[in-house]
Amino acid sequence: MRQSKFAASVLAAAAIALSAQPWAADTDGDGVTDDVDNCTLVANPDQFDSNADGIGNICDADITGDGFVNFGDLAAFKASFFPNFNADADFNNDGGVNFGDLAIIKETFNGPAGPSAANCGPVDQGLPADEAFGAEMFLRGNLYSDWGAESPGNNFENQGDGIYIARIAMYAGDYEFKVADGDWTIERTNFIDDPLILDTPLQLLQPLGTNDNNGLMNVPADGCFNLSMDTSDTDNPQITMAEVAGDCGVADQGLDNAEAFGLEMFMRGAFEGWSNPPPASSKFLNFGDNVYQAEFEILAGSYPYKIASGDWTVQRSSVLRVLEPGTTITVVDSNLGGTNTAFSAPEDGCYVFELDVSGGIESPTITATQQ
């Protein structure tokens, strides 16, 4: 439950009396506030940024600078390993390129660089922030600055046509929130039994007048998120949460990714070096209706693979056909005769793998599509 408006106003007045600068959020607790932090969700008090792109090395394994951690970065990293030092590949700033840095590139593979203040901050279009409500509005809650209101920070920016966006870096978790102005005279909320989840519009209401009418937001994974508010009806605006992702990859839908098999499943193969554990980008995400998707970049070539859990206790494969873009094949339990299946990528690119378990988990189908 958030603090009372009276308590909030007293604390705010005390903060102003103590300092000429407003207190700002420091999500990762590294002593650098989010509005200037070059790595918002990973602590890096040194702010080491070898290529000066505004994203600290500790969360920037994008060596090639295309905004995404992919095979091009892996090749550049290998060329920098041990003797051929490249500061851009020294992610942990220990003065060398080594296995500590390798762990970082594996963890962030197929994901976007950051988030940082440079690539996950307010989307300012130069339009008046107070146009819809007569005051600037904020996404306020225990997700950011302990229910504070900061501009720039957790403020909604006017995008035109009644649409406002707050872009914020958040850790995975459940958070209470309200949309409110700076002094709590205008508030909109939903209710905890009707939470805000990814990619699902939710209508906000005027609170009933008590402090316990906070809404609930479910953030499925660490990352950068757009909170888009449609103010066509300012009394009951709609809010939608969407993940700000890279050019290749699918967003977690907030559903149980282990629902079908009892374990999370991955597209595992030579295209990702048979990594153990597998990279998060190769995880099949639950899209509902017995459909799961994984999307990531692959270089041109033919690769053995299996669909398997992280601990290999559940495996599906087929020896009957090669999986190619535009084809669908059935995979079976590897203990029943299936070995590694081959996937053929005709060119470097982003590929979507859709796993359909509507016919049962013993013999699901897998479809490949090139983006």
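Observations on the structure shown:
- Unique residue being under 24 Å from Asp256 (Cβ atoms) and among the aliphatic types (A, V, I, L, M) when the list is Val322, Val357: Val357
- Residues satisfying the stated conditions in segment 50-83, i.e. of a type in the set (Val, Ile, Thr), in a helix (DSSP H, G or I) and modelled with pLDDT under 85: none
- When the test is whether a residue is assigned to a loop (DSSP other than H, G, I, E, B) and in contact with an Asp or Glu (Cβ under 8 Å, 6 or more places away or on another chain), Ala166 does not pass it.
- Residue list for segment 343-371, filter: among the hydrophobic types (A, V, I, L, M, F, W, C) and modelled with pLDDT of 90 or more: Phe343, Ala345, Val352, Phe353, Leu355, Val357, Ile361, Ile366, Ala368
- Qualifying positions in segment 270-304 - over 16 Å from Thr369 (Cα atoms), at pLDDT 90 or above and over 22 Å from the mean Cα position of the chain (by Cα): Asp289, Asn290, Pro304
- Qualifying residue in segment 317-331 (condition: surrounded by 15 or more Cβ atoms within 10 Å (Cβ to Cβ) and in contact with an Asp or Glu (Cβ under 7 Å, 6 or more places away or on another chain)): no
- If you go through segment 105-131 and keep only what is of a type in the set (S, T, N, Q) and either buried (at least 22 other Cβ atoms within 10 Å of the Cβ) or touching a residue at least 40 places away in the same chain (Cβ under 8 Å) (or both), you end up with Thr108, Asn110, Ser116, Asn119.
- So Ser232, is it touching a residue at least 12 places away in the same chain (Cβ under 8 Å), of a type in the set (Gly, Ala, Ser) and closer than 21 Å to Pro122 by Cβ: no
- Any chance Pro237 is in contact with a strand residue (DSSP E or B) (Cβ under 8 Å, 6 or more places away or on another chain), surrounded by 14 or more Cβ atoms within 10 Å (Cβ to Cβ) and under 30 Å from Ser281 (Cα atoms): no
- Among residues of segment 158-169 that are farther than 10 Å from Leu127 by Cβ, those with a Cβ under 8 angstrom from a residue that is acidic (Asp, Glu) and crowded, with 22+ Cβ neighbours inside 10 Å, sequence gap 6+ or separate chain, pair up as Ala169/Asp34.
- Within segment 206-224, none of the residues are at pLDDT 90 or above and in a loop (DSSP other than H, G, I, E, B).
- Leu255 vs. criteria part of a loop (DSSP other than H, G, I, E, B) and out of contact with any Asp or Glu (no Cβ under 9 Å at 6 or more places or on another chain): yes
- Filter result for the condition that a residue is farther than 28 Å from Asn218 by Cα, touching a residue at least 24 places away in the same chain (Cβ under 8 Å) and in a helix (DSSP H, G or I), over Phe271, Phe343: Phe271
- Only one of the listed residues (Gly301, Gly288, Gly249, Gly273) is at positive phi and outside the structural domain of Ala345 (by TED's automatic domain parsing). That residue is Gly249.
- Subset of segment 174-205 that is aliphatic (A, V, I, L, M), within 23 Å of Phe287 (Cα to Cα) and part of a strand (DSSP E or B) - its residue that is nearest to the chain's Cα centre (by Cα): Leu198
- Scan of segment 40-91 for residues that are closer than 23 Å to Tyr171 by Cβ and aromatic (Phe, Trp, Tyr), ordered by number: Phe48, Phe68, Phe91
- Checking Tyr292 against (1) buried (at least 20 other Cβ atoms within 10 Å of the Cβ); (2) touching a residue at least 60 places away in the same chain (Cβ under 8 Å); (3) closer than 26 Å to Gly72 by Cβ; (4) of a type outside the set (Lys, Arg), the condition it does not meet: (3)
The values are calculated or read from the model by the stated rules, or taken from the named source; none is laboratory data. The structure presented is a predicted model; accordingly, all values stated were derived computationally and were not measured. Neighbour counts are summed over all protein chains in view; Cβ atoms, including those assigned to glycine, are modelled from backbone coordinates with ideal geometry.
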